[in-house]
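Values in this text are rule-based calculations from the coordinates and carry no lab data. Computed from a prediction, not measured in an experiment: that's the story for all the values here. Cβ atoms come from the backbone with ideal geometry, glycine included; neighbour counts cover every protein chain shown.
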Number of protein chains: 2
Amino acid sequence: MKKIDLKELNLNEKEEKILQSSIKLFSEKGFSAATSKEIAKDAGVSEGIIFKYFKTKKDILKAILLHLINILSEKIVLKGIKDIFKNDKECDIKTVLKKVIYDRIKMVDKIYPMAQIIFMEAILHEEIRDAVYNNIIKKAMEIFNDFYFQMAEKNILRKNVDIMVVFRSILSNIAIFIAQKKIFGKYFKFENIDKEIDKVIDVILNGITVQ
Amino acid sequence: MKKIDLKELNLNEKEEKILQSSIKLFSEKGFSAATSKEIAKDAGVSEGIIFKYFKTKKDILKAILLHLINILSEKIVLKGIKDIFKNDKECDIKTVLKKVIYDRIKMVDKIYPMAQIIFMEAILHEEIRDAVYNNIIKKAMEIFNDFYFQMAEKNILRKNVDIMVVFRSILSNIAIFIAQKKIFGKYFKFENIDKEIDKVIDVILNGITVQ
DNA sequence: GTTATAATTAAGTGATTACTCACTCAATTA
DNA sequence: TAATTGAGTGAGTAATCACTTAATTATAAC
């Protein structure tokens with residue numbers, strides 16, 4: 001199991017171990033089904049120490065979710081697209097999109113178990129939905145909006161579309177790509193991710209009708 | 001809470017009540033966090049009777065998921081698209097896509113809490129993923145494949161694309177539309193679903209570049 | 001080496017869980 | 001009318017849960 005980089009949180013050794021094991025078990029079984037006993041065993045610490053560092057089990061989840069959403073969303077989730085959109089305004093749209101999609105897939109890959117926990121808990125709890133919306137979705141939409149507007153001004157991308165629909169379409173294509181790889185990977189093997197992304201971009205940019 | 005139609009399962013009154021309450025609570029709190037006590041209370045039956053009809057709590061989940069996937073996937077999930085693709089081969093692609101997307105959104109709306117449970121449990125358990133893949137995804141792909149091939153033969157849809165990518169793109173656009181409505185509905189209000197769907201179809205069909 | 005302090009543990013705690021079982025009682029059959 | 005049934009109950013059960021605490025060990029200062 002690849003571990004997630006938690007350096008930014010300034011944890012001591014035990015705290016880090018507890019969080020890593022919690023991320024692993026929450027993502028494997030869901031929050032409710034993962035027990036403190038299991039977490040302790042996996043982390044190689046006693047059960048008592050968990051509750052020294054985290055008042056309750058829910059606080060572990062909060063540390064994983066809210067903390068990371070708030071503190072790291074900027075660095076992990078948004079910095080990548082910001083940089084690409086900023087530095088590549090002159091490049092052609094295919095290259096930019098490819099960079100963004102590639103970068104996002106790699107990013108989610110890096111933090112996957114955590115992303116899965118956020119995703120699942122967001123479905124169940126409004127507070128987490130709020131954090132995801134305000135810290136990630138909203139900001140990503142703003143960044144994309146700026147980018148699209150400039151591309152449309154340059155007459156590269158269509159003006160007569162709803163940017164929200166386009167954003168959603170690109171986002172959903174990335175999401176389903178990751179889902180297919182991570183959740184249904186058993187049934188769908190990609191030999192060449194690069195080519196796969198190219199095909200996705202082609203459909204996004206040109207549509208599926210014969211022109 | 002709108003109840004899901006379970007007539008097809010030939011349940012008696014108590015079984016039906018137990019399943020309806022389980023669907024409600026599993027979708028609200030997740031399987032593990034929903035207790036048999038709560039289910040009994042919500043269903044207005046004693047806790048004992050739950051375990052007369054369902055050997056274990058997991059068996060309730062199985063009844064909801066596997067049974068419904070196997071028995072109803074054909075009628076609920078696939079029949080709709082089959083009919084539309086079969087009856088509308090002559091119509092224009094825009095109309096067909098609109099019918100399909102509209103129909104799929106309505107279908108998921110109808111069974112939403114159950115769909116959410118399937119979705120979440122499929123992430124956690126391989127057996128459920130298998131059932132979803134074999135009974136829904138695989139079959140839907142086959143149906144779409146036939147349809148796309150015929151449309152491509154008529155020179156309406158592009159031949160030089162990967163049908164899998166197109167299928168995924170349409171599916172993901174429908175999925176994110178539903179997710180936005182059901183999970184993030186608080187932040188995004190659609191006044192006119194009809195127009196929203198038109199915009200999605202426009203992007204799918206024509207892409208986003210200036211031609 | 002002694003002492004004070006902090007870190008860690010193992011053995012708990014009461015609460016809650018999924019599940020059982022002895023019993024009830026209305027409906028059916030003899 | 002008496003005998004039988006079986007759906008339904010809810011208090012009870014062992015197991016397990018999140019969480020606590022008293023005892024133990026490690027660390028550090030002198």
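Assorted remarks:
- Residue among B:VAL161, B:VAL96, B:VAL45 with the largest mean-square fluctuation in a Gaussian network model of chain B, springs linking Cα atoms under 10 Å: B:VAL161
- Helix A:138-153 axis, angle to chain A major axis (alpha carbon atoms, nearest 10°): 10
- Both numbers refer to the Cα atoms of chain B; Rg and Dmax are 19.5, 66 Å.
- The base-10 log of I(q)/I(0) for the protein assembly as shown, evaluated at q = 0.14 Å⁻¹, reads -1.41 [Debye formula, identical scatterers on Cα atoms, solvent excluded].
- Relative to the longest principal axis of the Cα atoms of chain A, the long axis of helix A:93-110 lies at roughly 10 degrees.
- Segment B:23-101 - Rg (one decimal) and Dmax (whole number), Cα, Å: 19.0, 57
- Net +/- balance of residues flanking A:ASN145 in space, Cβ distance below 11 Å, scoring K and R +1, D and E -1: 0
- 3J(HN,Hα) couplings calculated from phi for segment B:176-192 with the Karplus curve 6.51 cos²θ - 1.76 cosθ + 1.60 (θ = phi - 60°) are, in sequence order, 6, 4, 5, 4, 4, 6, 8, 9, 10, x, 4, 9, 10, 9, 9, 7, 10 Hz; Gly and Pro show x.
- Distant-in-sequence amide H partners of A:THR209 (H built 1.01 Å from N, under 5 Å): B:ARG158
- Segment B:139-211-segment B:20-71 distance, computed between alpha-carbon centres (Å): 35
- Segment B:121-211 - percent relative contact order, Cα under 8 Å, separation 6 or more: 15
- Estimated vicinal HN-Hα couplings, Hz - segment A:63-69 in sequence order (Karplus 6.51, -1.76, 1.60; Gly, Pro = x): 4, 5, 7, 5, 3, 5, 4
- Charge dipole (segment B:7-206, unit charges on Cβ, about Cα centre) - positive-most of B:PHE144, B:ILE193, B:ASN134: B:ILE193
- Of the trypsin sites (Lys or Arg not before Pro) found in segment B:11-105, the ones in coil according to DSSP and having at most 15 other Cβ atoms within 10 Å of their Cβ are B:LYS55, B:LYS89.
- Check: segment B:7-206 dipole with +1 on Lys, Arg Cβ and -1 on Asp, Glu Cβ, in debye: 240
- Global form of segment A:132-211, assessed from the alpha-carbon gyration tensor, a/c cut-off 1.5: oblate
- Of B:ILE178, B:ILE49, B:ILE136, the one that fluctuates the most in a GNM where chain B has Cα springs shorter than 10 Å: B:ILE49
- For A:LYS154, the point set 7 Å out from Cα toward Cβ sits 3.8 nm from its twins in the other copies, listed from shortest up.
- Computed from Cα positions, the angle between helix B:193-206 and the longest principal axis of chain B comes to roughly 50 degrees.
- In segment A:72-167, inverting the average of 1/r over every pair of distinct C-alpha atoms gives 14.5 Å as the Kirkwood radius.
- Each copy carries a label point for B:ILE193 at 7 Å from Cα toward Cβ; from one copy, the others' points are 3.7 nm away, ordered from shortest.
- Pseudo-label separations to other copies for B:LYS7 - Cα-to-Cβ vector, 7 Å, nm: 6.2
- Within 10 Å of each Cβ in B:118-124, the average number of Cβ atoms from other chains: 4
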